[in-house]
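The values are calculated or read from the model by the stated rules, or taken from the named source; none is laboratory data. Keep in mind that this is a model prediction, so the values were computed, not measured. No Cβ is skipped: glycine too gets one built from the backbone with ideal geometry, and neighbour counts run over all protein chains shown. Note: accessible area is taken over every heavy atom of the protein model, side chains too, but ligands, DNA and RNA are not part of it. Shrake-Rupley method; radii C 1.70, N 1.55, O 1.52, S 1.80 Å.
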Amino acid sequence: MKFQRFRHLRSDQSIRDSHSEVSLCPEDFIQPFFVVDGSGIRNPMPSLSNVFHLSVDELLKDVAYLQTLGVNKVLLFGAVEPHLYDDIGSYSSHEHNPVPLAVKTIKKHCPGVTVMTDICICGYTSHGHCGFVKGNAILNDESLKQLAQMALTHAQAGADYVAPSAMMDGQVLAIRHQLNLHGLKHVHIMAYAAKYASAFYGPFRNAVDSTPSFGDRRTYQMDPRNGSQAIEEVRADIEEGATAVMVKPGHTYLDILYRIHQEFPHSPLAVYHVSGEYMMIHHAVEAGALDLHPAIQEVFYSFKRAGANWIITYDSLRYWQHEGHSS
Ligand code: PBG
């Protein structure tokens, strides 16, 4: 039998490039940011290397720089002082919350940037859960109003996408309804549709102080043993009005990403390379076990191969900075 030859597809860089099935471009990337009150603040986060708590003025510098690299999408999280926490996370929709201020500022000074905001109350509640709490239970329907109100505040400030991540049933519908009611039909919803109860969110929770004070998130986030259910979660969110959907975490859920891409090829599909996945690589780099750039590039390729359109990563800026220097 005559054997097949493949090596001519790999003979040099230009041939390899010509035969590559996927590629990365800066427009695929979304950089998360953590916004705080005040000015002149750029505080490193001990749990998340190279990520900072930024006041709006400092944030604007980074967003403008990102834009020069071609990365034109950001995802904003608020981080506020514990004295602003309460049972229902009311500060999440407060007019002085740093997130709507950041949205306004970015849209004013960097109008070409697509601004997305995370919609969840866990960073604003005294108990650290993503919904209202009664006894040991996390209430679903009662929590929807606050999530919708938070989304409304961000949309009124000019957000292009609101991104509900609380994993409350019906959250997309409640938000869609509230936005439409206020003449904000044009504001998109990117649903964290398939969000798993993961051990890989630890560094993020330390960053925004959102670790639950009791129990865990397994009564609302998905069980890691389930794949088919993710399809139903995504289907429901699209029916409720989401125009983009997400799988989270990313590296440990490539099968889910692939299945959702196959099932819903027309909805932009985002993948979140979450804090724990990010830090695993960074610790390995610090220990001298891996080279950062090729390691994260390979992870990003795996996301694209599996069907992701958008990659949410804390490394967006550094990846494209490095690419810019090397090309
Ligand atoms: C809020 C939220 C979380 C993350 C994004 N939005 C934490 C959680 O669900 O506990 C995690 C992001 C990361 O780990 O990088 N609900």
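A few points about this structure:
- Using the 1.4 Å probe convention, the accessible area of the chain works out to 46 Å² per residue with neighbouring protein chains retained.
- Förster radius 25 Å - calculated FRET efficiency between residue 43 and residue 216 (Cβ-Cβ, nearest 0.05): 0.35
- Here the scattering of region 98-197 is modelled by Debye summation over its C-alpha atoms, one equal scatterer each and no solvent; at q = 0.10, 0.19, 0.21 Å⁻¹ the log10 of I(q)/I(0) is -0.27, -0.89, -1.04.
- Residue with peak Gaussian network fluctuation, the chain [Cα springs, cutoff 10 Å], from 63, 71, 299: 299
- Cα pair distances in region 77-126, grouped into 10 Å bins until the bin that holds the longest one, percent each: 26, 48, 21, 5
- Percent of C-alpha pairs per 20 Å bin in the chain, short distances first: 32, 59, 9, 1.
- Potential extension, residue 96-residue 5 segment - 0.36 nm per residue separation minus Cα distance: 26.4 nm
- Spin-label model distance (nm) - residue 235 vs residue 145, 7 Å beyond Cα toward Cβ: 3.2 nm
- Among the listed pairs 73/104; 73/108; 185/304, those with a Cα-Cα distance over 25 Å are 185/304.
- Accessible carbon and sulfur surface of the chain relative to its total accessible area, %, 1.4 Å: 52 percent
- Label-point separation in nm, residue 110 to residue 284, each point 7 Å along Cα→Cβ: 2.9 nm
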